[in-house]
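Please read the structure below before turning to the comments.
The values are calculated or read from the model by the stated rules, or taken from the named source; none is laboratory data. In this text the structure is predicted, and so the values were computed from the model without any measurement. Don't worry about glycine lacking a Cβ; one is built from the backbone with ideal geometry, like all the others, and counts go over all protein chains shown.
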Amino acid sequence: MKLILTQEVTNLGAPGDVVEVKDGYGRNYLMPRGFAIRWTRGAEKQIDSIKKARSVREVRDLDHAEEIKTQLEALTVSVPAQAGSTGRLFGAVTVADIVAAVRAAGGPDIDKRRIQVDQPIKSLGAHDVHVKIHDELSAMLRLQVVAS
């Protein structure tokens, strides 16, 4: 099955790439989740707009990635969350919460799909979060979860 990716898929490709996958993978996983659209001659015209949107969001080069990394690692990001008396959260801190906290702290805009949380954040205190800025570069973001 021939598909056009609309979002980045690990080990498959980036938005705007035309990929060949097995029918079941495309029909049951990629297309229902909005990761891809079926390739047609009409849809092929959308590739340019998908790639333009991708280039706007993407980090320009390795020097720009280094600059973003130093900005992120210098930030002190505080995420307010509701917690019980023992310090356990009512839920978990999501990647959307982290993106909003970075933006509120004056940091650069980052794509939520680039944030990698190893363990769910369900307690107050300091946590480390990895941000994949570029294919060759990732940053360590120090996150402080505080009770709201």
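Before moving on, here are some points about what is shown:
- Of the residues 96, 104, 92, 100, the single one that is surrounded by fewer than 15 Cβ atoms within 10 Å (Cβ to Cβ), under 24 Å from residue 132 (Cβ atoms) and in contact with a helix residue (DSSP H, G or I) (Cβ under 7 Å, 6 or more places away or on another chain) is 96.
- Each residue in region 75-86 was checked for being within 18 Å of residue 128 (Cα to Cα), assigned to a loop (DSSP other than H, G, I, E, B) and of a type in the set (Ser, Thr, Tyr), and 1 pass.
- Qualifying residue in region 104-126 (condition: under 13 Å from the mean Cα position of the chain (by Cα), closer than 22 Å to residue 7 by Cβ and part of a strand (DSSP E or B)): yes
- Of all residues in region 109-148, exactly one satisfies the criterion of being of a type in the set (D, E, K, R) and surrounded by 18 or more Cβ atoms within 10 Å (Cβ to Cβ), namely 114.
- Looking across 72, 89, one residue alone is outside any helix (DSSP H, G or I), assigned by TED's automatic domain parsing to the domain that holds residue 130 and in contact (Cβ under 8 Å) with a residue 12 or more places away in the chain. It is 89.
- Of all residues making up region 7-57, the number that are more than 19 Å from residue 132 (Cα to Cα) and of a type in the set (S, T, N, Q): 4
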